[in-house]
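K.L.:
Quick one: the structure is below, questions incoming.
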Amino acid sequence: MAIDPNIVGNTAGPVEFTWTSRDTMLYALGVGAGQADPYSELQYTTENSEGVQQVALPVYAVVLIQNAPARPDLGPIDRTKVVHAEQAFELHRPLPVAGSVRITSRVTDVLDKGSGALITIASQAVDRDSGAALVTSTSSIFVRGAGGFGGPRGASSSEPMPTGAPDFEASVPIRPDQALLYRLSGDRNPLHSDPTFAARGGFSKPILHGMCTYGVTGRILLNACCDGRPERLRSMSARFTKPVLPGDTLTVQAWRTADAIRFRTLGAGGDTVLDQGVLRLNAA
C-alpha cells in the first residue's frame, strides 16, 4: 500500500511525558550498562551507591520523545513493514535523571524511495514548568512496500566515512534476551518479541530494536570519548542500515575529526548496522 504524501504537516502535541530515576536506570540496563562488569557503570544503574551520583544516559532523551502519548497520524501503515531508518538528537542542556516535559512532533517529509516510503518526523521536548528547551529530535522510518506514489526521492546526504584504522574500537555482545529487556523502556512493538509477528515481516526471528543498537553505541561512545561525562555529549546522529539479532556481537568504530567524532557500528559478519554516525561534544 502506497503512503499518502499528504501526511506532511500532521502534528501531535503538545503532550506531557514524565519519567523517573527508575526509568533511566532501566533504560541503562536495556542498552547493556553493567553487562561486562556490574560495578563499572553504577552511575547509570543505581541511585544509592556510596560516592556515586546517578546520571542519565543522554540517548534516553530520544526514548522519552518516542514514549510521548500522542504521535502524528501517518495513516494506515503495515507495522510489520516498518523499520527505523535514521535518528538524530541534540540536547540543549544535560538530561536530568527524572523530569517532566511537553512534546510537540510534526511530519516534515515523505520521500518515495521506490521500494518503500521514508517518513521524517521532527520533535521538540521542553521542560513542562519552565518551557526551556531540553531536546530536539529528528527520526525517520522506512515503510517497505509503501513507495511508488510518485513523490520526490530526495537527495543523498551521505558523506564518506573516514579511511584508515579507527581511533577507537570496542566489541560488545548483545544478550539473547536484550530485546525483551529493552522493550520495558516503552517500545512494545512485537517485531522485537513475537516470533510469529516477526515472521510476517520476513524475519527469521524477532530483531533487536534499532534504538537499542543506537543506545548501546551511544553508551560506548560516551564512556570512550566523553570520559563518561554525560554533559559533554551534545548531539548524535546515525543511519540504520541492517537489522541486528539478539545474540549478535556489535563492534563500534570511531574516528576523531576536527569538529566531531564519526562512527559506525558493525554487526554479525562485520556488516555495517549503523552508518554515517556523527557525535558532537560540548566543550570540556
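Computed from the coordinates by the stated procedures, all read-outs in this text should not be read as laboratory data. Bear in mind the structure is a predicted one, so any value in this text is a computation, not a measurement. Cβ atoms come from the backbone with ideal geometry, glycine included; neighbour counts cover every protein chain shown.
K.L.:
Take 20, 213 and order them by how many other Cβ atoms sit within 10 Å, fewest up front.
P.N.:
Ranking 20, 213 by Cβ neighbours within 10 Å, fewest first, gives 20, 213.
K.L.:
Output wanted: per-residue J couplings in Hz (rounded whole) for region 275-281, from phi through Karplus 6.51 cos²θ - 1.76 cosθ + 1.60, θ = phi - 60°, x for Gly and Pro.
P.N.:
With the stated coefficients, region 275-281 comes to 10, 6, x, 9, 10, 10, 10 Hz.
K.L.:
Using 1/(1 + (r/R0)^6) with R0 = 25 angstrom and r between the beta carbons of residue 199 and residue 70, what's the FRET efficiency to the nearest 0.05? Please list the in-between numbers first.
P.N.:
Numbers: r = 31 Å, r/R0 = 1.22.
Rounded to the nearest 0.05, the efficiency is 0.25.
K.L.:
For region 189-227 and region 121-153, what is the separation of their Cα centres, given in Å?
P.N.:
19 Å
K.L.:
When averaged across all projection directions, what area in nm² does the alpha-carbon convex hull of the chain cover? Walk me through the numbers on the way to the answer.
P.N.:
Numbers: hull surface 60.0 nm².
Result: 15.0 nm².
K.L.:
Work out how much length residue 93 to residue 15 would gain on full extension: take 0.36 nm times their residue separation and subtract the Cα-Cα distance, in nm to one decimal.
P.N.:
26.0 nm
K.L.:
From the phi of every residue in region 49-62, what ³J(HN,Hα) in whole Hz does the Karplus formula 6.51 cos²θ - 1.76 cosθ + 1.60 yield, where θ is phi - 60° and glycine or proline is x?
P.N.:
Computed from phi, the couplings for region 49-62 are 8, 4, x, 10, 9, 5, 10, 9, 5, x, 5, 4, 4, 6 Hz.
K.L.:
Now, a different point. When N is the residue count of region 1-160, what does its C-alpha Rg come to as a fraction of 2.2 N^0.38 Å?
P.N.:
The reported ratio for this selection is 1.20.
K.L.:
Just in region 1-70: which GluC sites (Glu not before Pro) are loop by DSSP and have at most 13 other Cβ atoms within 10 Å?
P.N.:
Here the sparse-neighbourhood loop sites are 50.
K.L.:
I would also like to ask the following. Given C-alpha coordinates of region 181-284, what is the ratio Rg to Rh with the Kirkwood estimate of Rh? Please report the intermediate quantities before stating the final value.
P.N.:
Details: Rg = 15.0 Å, Rh = 14.7 Å.
Taking Rg over the Kirkwood Rh, I get 1.02.
K.L.:
For the chain, what is the mean residue ellipticity at 222 nm derived from helices alone (per DSSP H run of n ≥ 4: -39500 (n - 2.57); sum divided by total residues; nearest 500 deg cm²/dmol)? Could the numbers behind the result be given before it?
P.N.:
Numbers: 6 runs with 48 residues, N = 284.
Here the helix-only value at 222 nm equals -4500 deg cm²/dmol.
K.L.:
Right, here's the next one. What do you get for chymotrypsin sites (Phe, Trp or Tyr not before Pro) in region 14-105 restricted to DSSP loop and a cutoff of at most 10 other Cβ within 10 Å of the site's Cβ?
P.N.:
The qualifying sites are 39.
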